Amino acid sequence: MLVDHEFGRNPVAVTTHWGSSEPYHCTALGKALLAGMDKVQVRELLGCARLKKYTSNTITRLAELVRQCEQVRHKQFALDRTEFRKNTNCVASPVYDFRGRVVAAIGISGPAQRLCNRLMEKFARVVKKCAHELSGELGYYSERSE
């Protein structure tokens, strides 16, 4: 569930509403949240059925989603390259609590023309830093350098 958002200065923006929810499997925020789960937990949450396709880039195979979640755990950020909404990209990072559990995610979304691959890499560093700071506020400590 979306708790908060901030709009940019440009007239074209990604809009969503507080309290709304989006699918785990094709959003960067969802994949960042799933990164705290193992393969069995992801299967239990999403079931065995084929994942719903929203765009031509949507992940529809659970095995691919599990692979991406493993990458998120390693890199500490997730990407959505027009997987949920056409022409919308997002980069997100998991937020951990004092037990090391993923309890939230923070991300940046924008039109794919503006939030291009080069900027997504730049913003990955920004959301990782913010997520790391938020995690620290929740008592999380990681020996891994962020």
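Below, the figures for the structure above:
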| item | result |
| --- | --- |
| Carbon plus sulfur fraction of accessible area for the stretch 54-97, probe 1.4 Å, in percent | 45 percent |
| Proximal lysines relative to residue 75, as straight alpha-carbon distance under 20 Å, when same-chain residues fewer than 8 apart are discounted | 31, 39, 122, 128, 129 |
| Cα-derived Rg over Rh, computed across the stretch 54-146 with Rh taken as Kirkwood radius | 1.00 |
| Average silhouette area of the stretch 22-78, convex hull of alpha-carbon atoms, in square nanometres | 3.5 nm² |
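The values are calculated or read from the model by the stated rules, or taken from the named source; none is laboratory data. Since the structure is predicted, the reported quantities are computational estimates derived from the model, not experimental observations. For accessibility, only protein heavy atoms count, side chains too; no ligands or nucleic acids. Shrake-Rupley method; radii C 1.70, N 1.55, O 1.52, S 1.80 Å.
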